[in-house]
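**Student:** Have a look at the structure that comes next, please.
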Amino acid sequence: MRIKIFLLILVSIALISCSKDDSNPADTTNDTAYVGTYTGTNSDGKDVSITIGIVNGKANVTKYNFLYTYTGSSGLKNPGTAIGENSVGLAPVNNASFSIVVPSYNDNNSRINGTFTDQTTLTGDYRIDIMGNGQTGTGTFTLKKK
């Protein structure tokens, strides 16, 4: 009888130690701390703003207004504008970063990528295809929380 009780206790301990971990390892930061509007300029010296809001309890890019320049087929610099707004979110913020797919000629290549270096600073890069024939706006940005 003692052996059965001992085996029962041993099996119970083994089962408890193998229980599933319900924590979410991908959610290691408090991304909601980044909620707000970030403004500044990009490497072209053009104005940029990106807004982070809460969508279903999680941080999400809800708005962006992005001015940039691209080299046209004639070799001249041309102005470009990328604007997006959606209250249900344009891109989730995960582990202090996001990637917005920008509607353009080639959506797969047109993106705005951002990373929060702290709760008040957002840095990143962008690539926006204009016509798919080499007319592309690229650069970097650093934004500060308003």
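**Student:** Yes or no: region 61-83 includes at least one residue that is small (Gly, Ala, Ser), under 22 Å from residue 32 (Cβ atoms) and not in a loop (DSSP other than H, G, I, E, B).
**Tutor:** From region 61-83, those small (Gly, Ala, Ser) are 72-75, 80, 82; that's our starting set.
Narrowing further to those that are under 22 Å from residue 32 (Cβ atoms): none.
Within region 61-83, none of the residues are small (Gly, Ala, Ser), under 22 Å from residue 32 (Cβ atoms) and not in a loop (DSSP other than H, G, I, E, B).
**Student:** Got at least one residue in region 27-37 being of a type in the set (Phe, Trp, Tyr) and assigned to a strand (DSSP E or B)? So that I can check it myself, show each step before the final result.
**Tutor:** Quick first cut of region 27-37, residues of a type in the set (Phe, Trp, Tyr) only: 34.
So of that shortlist, the ones also assigned to a strand (DSSP E or B) come out as none.
Within region 27-37, none of the residues are of a type in the set (Phe, Trp, Tyr) and assigned to a strand (DSSP E or B).
**Student:** Is it fair to say residue 99 is out of contact with any Phe, Trp or Tyr (no Cβ under 6 Å at 6 or more places or on another chain), small (Gly, Ala, Ser), in a strand (DSSP E or B) and under 25 Å from residue 32 (Cβ atoms)?
**Tutor:** Working: out of contact with any Phe, Trp or Tyr (no Cβ under 6 Å at 6 or more places or on another chain): yes; small (Gly, Ala, Ser): yes; in a strand (DSSP E or B): yes; under 25 Å from residue 32 (Cβ atoms): yes.
Here the answer is yes, as residue 99 does meet what is asked.
**Student:** Now a separate question. Can we say residue 54 is without any contact (Cβ under 8 Å) to a residue 24 or more places away in the chain, in contact with a helix residue (DSSP H, G or I) (Cβ under 8 Å, 6 or more places away or on another chain) and not in a loop (DSSP other than H, G, I, E, B)? Reasoning before the result, please.
**Tutor:** On the way: without any contact (Cβ under 8 Å) to a residue 24 or more places away in the chain: yes; in contact with a helix residue (DSSP H, G or I) (Cβ under 8 Å, 6 or more places away or on another chain): yes; not in a loop (DSSP other than H, G, I, E, B): yes.
Answer is yes for this residue.
**Student:** Is there a residue being among the hydrophobic types (A, V, I, L, M, F, W, C), on the phi < 0 side of the Ramachandran plot and under 14 Å from the mean Cα position of the chain (by Cα) anywhere in region 70-89? Can you show your working first?
**Tutor:** First pass over region 70-89, keeping only residues among the hydrophobic types (A, V, I, L, M, F, W, C): 76, 82-83, 88.
Retained after the next criterion (residues that are on the phi < 0 side of the Ramachandran plot): 76, 82-83, 88.
Then drop every residue that is not under 14 Å from the mean Cα position of the chain (by Cα), which leaves none.
No, region 70-89 has no match at all.
Bear in mind these aren't lab numbers, they're just calculated from the coordinates by the rules spelled out. These numbers come from a predicted model, not from an experiment. A quick note on method: Cβ atoms are made from the backbone with ideal geometry, for glycine too, and the neighbour counts reach across all protein chains shown.
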